[in-house]
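Below is one structure; the comments refer to it alone.
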Amino acid sequence: MTAQTATPRTPVTVLGLGNLGQALADAFLAQGHPTTVWNRSAHKADGPVSRGATLAATVAEAVTASELVVVTVLDYDTVGELLRPAAGALAGRTLVNLTTGTPGAARDLGAWVADRRAAYVDGAVYAVPQTIGTAGAFVLYSGDEAAYRQHRPALDLIGEGVFVGTAPDLSSVYDTALLSGMYGMFSGFFQAVALAGTEGIEAAAVTSQLVRWLTAAAEALPAFAEEIDRGEYDTTTSNLEINAVGLRNILATTEAQGLSTDLLAPLQRLFDDQVDSGHAASSLSRAIESLRAGR
Ligand SMILES: NC(=O)c1ccc[n+]([C@@H]2O[C@H](COP(=O)([O-])OP(=O)(O)OC[C@H]3O[C@@H](n4cnc5c(N)ncnc54)[C@H](OP(=O)(O)O)[C@@H]3O)[C@@H](O)[C@H]2O)c1
């Protein structure tokens, strides 16, 4: 009889046990990774420790415990403050930073970590703590590709990993873009709910229809993106003039109902600029040219 031996799991350290860090530690623990944790407020380690994690007394001790170190705290300044006293322990390890920040901060941290002879991988998480490890969760990574590939089995426990490039700031650039899209959607949501509310329609009633419509409308985005990448804006469907007129009607109604037009008026300026520049018959996607020109 041949004895079956399980493949040893990579030891992982999780620095930061806020909402996200707790979920990450649990995802690693659930799959048998020896998991070391550290958090400023040590009591937040009670849950992970009860499920098998080891609590480190210091950041340096936590970094020393594992070849793979995942950090998720408030911001990049905090990451820097935590790691500076532990700098000597970083050599030969991989730091995966899942904290949200700016591309500039990711570049600076990536260079600092590389100077410590450690590998740096920056990541942007598209999940909430409750959906970590589920099919809908994904993470965009950039930075040291070899280190990312080496640790992919563990990192994929967070959500599907997508490596977007070797520049350390690239995942943060993507993140800024994706979150811009999300906040644009929220501004449309607030506008829709406020407008419907002026006629006594409850938020839930308009939202159930809005989600259907936004889901269908989102399907147009890849075709718009192809037009933008080609720089060719011929269309037989949704041209700029029809959208400029449509949005003007919406703004007039919004004003008539006593609401602010601040969220949508800038979009009208882009459409009008394109129409005034002779592109009334072009695709709606051509509005990006006015944005790029800073108009
Ligand atoms: N939650 C999500 O769904 C989600 C999704 C994607 C990305 N993110 C990003 O992940 C990061 C963490 O988010 P979170 O939801 O886990 O936040 P959170 O629950 O507010 O936790 C914040 C963490 O940062 C630590 N912290 C704050 N200031 C500190 C300091 N001066 N020194 C040491 N530690 C400090 C906190 O320690 P204490 O416990 O001691 O306060 C805690 O561990 C953020 O950048 C967030 O944008 C979160």
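The values are calculated or read from the model by the stated rules, or taken from the named source; none is laboratory data. Only a predicted model underlies this, so the values are computations on that prediction, with no experimental measurement involved. A quick note on method: Cβ atoms are made from the backbone with ideal geometry, for glycine too, and the neighbour counts reach across all protein chains shown.
So the values come out like this:
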{"item": "Odd one out for GLN130, checked against (1) polar (S, T, N, Q); (2) under 14 Å from LEU15 (Cβ atoms); (3) within 16 Å of the ligand (Cβ to nearest atom)", "result": "(2)"}
{"item": "Residues of the range 218-228 classified as part of a helix (DSSP H, G or I) and within 15 Å of ALA287 (Cβ to Cβ), total", "result": "6"}
{"item": "Residue in the range 80-90 that is more than 24 Å from TYR126 (Cα to Cα), in contact with a Ser or Thr (Cβ under 7 Å, 6 or more places away or on another chain) and more than 9 Å from the ligand (Cβ to nearest atom) present", "result": "yes"}
{"item": "Residue under evaluation PRO153, criteria (1) within 16 Å of the ligand (Cβ to nearest atom); (2) within 17 Å of LEU29 (Cβ to Cβ), criterion not met", "result": "(1)"}
{"item": "Of all residues making up the range 81-108, the number that are buried (at least 20 other Cβ atoms within 10 Å of the Cβ), assigned to a helix (DSSP H, G or I) and either acidic (Asp, Glu) or out of contact with any Gly (no Cβ under 9 Å at 6 or more places or on another chain) (or both)", "result": "2"}
{"item": "Qualifying residue in the range 113-125 (condition: without any contact (Cβ under 8 Å) to a residue 40 or more places away in the chain, at positive phi, surrounded by fewer than 15 Cβ atoms within 10 Å (Cβ to Cβ) and not assigned by TED's automatic domain parsing to the domain that holds GLN257)", "result": "yes"}
{"item": "Residue within the range 132-149 that is in contact (Cβ under 8 Å) with a residue 24 or more places away in the chain and farther than 30 Å from ALA30 by Cα present", "result": "no"}
{"item": "Residues of the range 233-271 that turn out to be over 13 Å from LEU284 (Cβ atoms) and either in a helix (DSSP H, G or I) or touching an Asp or Glu at 6+ places or on another chain (Cβ under 9 Å) (or both), as a count", "result": "14"}
{"item": "For ILE201: the one exception among (1) more than 30 Å from ASP144 (Cβ to Cβ); (2) in a helix (DSSP H, G or I)", "result": "(2)"}
{"item": "Selection from the range 272-295 of residues that are buried (at least 16 other Cβ atoms within 10 Å of the Cβ), farther than 24 Å from ALA218 by Cβ and among the acidic types (Asp, Glu)", "result": "ASP272, ASP273"}
{"item": "Qualifying residue in the range 32-45 (condition: buried (at least 18 other Cβ atoms within 10 Å of the Cβ), closer than 23 Å to VAL113 by Cα and over 26 Å from the mean Cα position of the chain (by Cα))", "result": "no"}
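A quick yes/no check of all residues on (1) hydrophobic (A, V, I, L, M, F, W, C); (2) assigned to a helix (DSSP H, G or I); (3) at pLDDT below 95:
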| position | (1), (2), (3) |
| --- | --- |
| GLY136 | no, no, yes |
| LEU140 | yes, no, no |
| ALA154 | yes, yes, no |
| VAL173 | yes, yes, no |
| ALA196 | yes, yes, no |
| THR207 | no, yes, no |
| ALA216 | yes, yes, no |
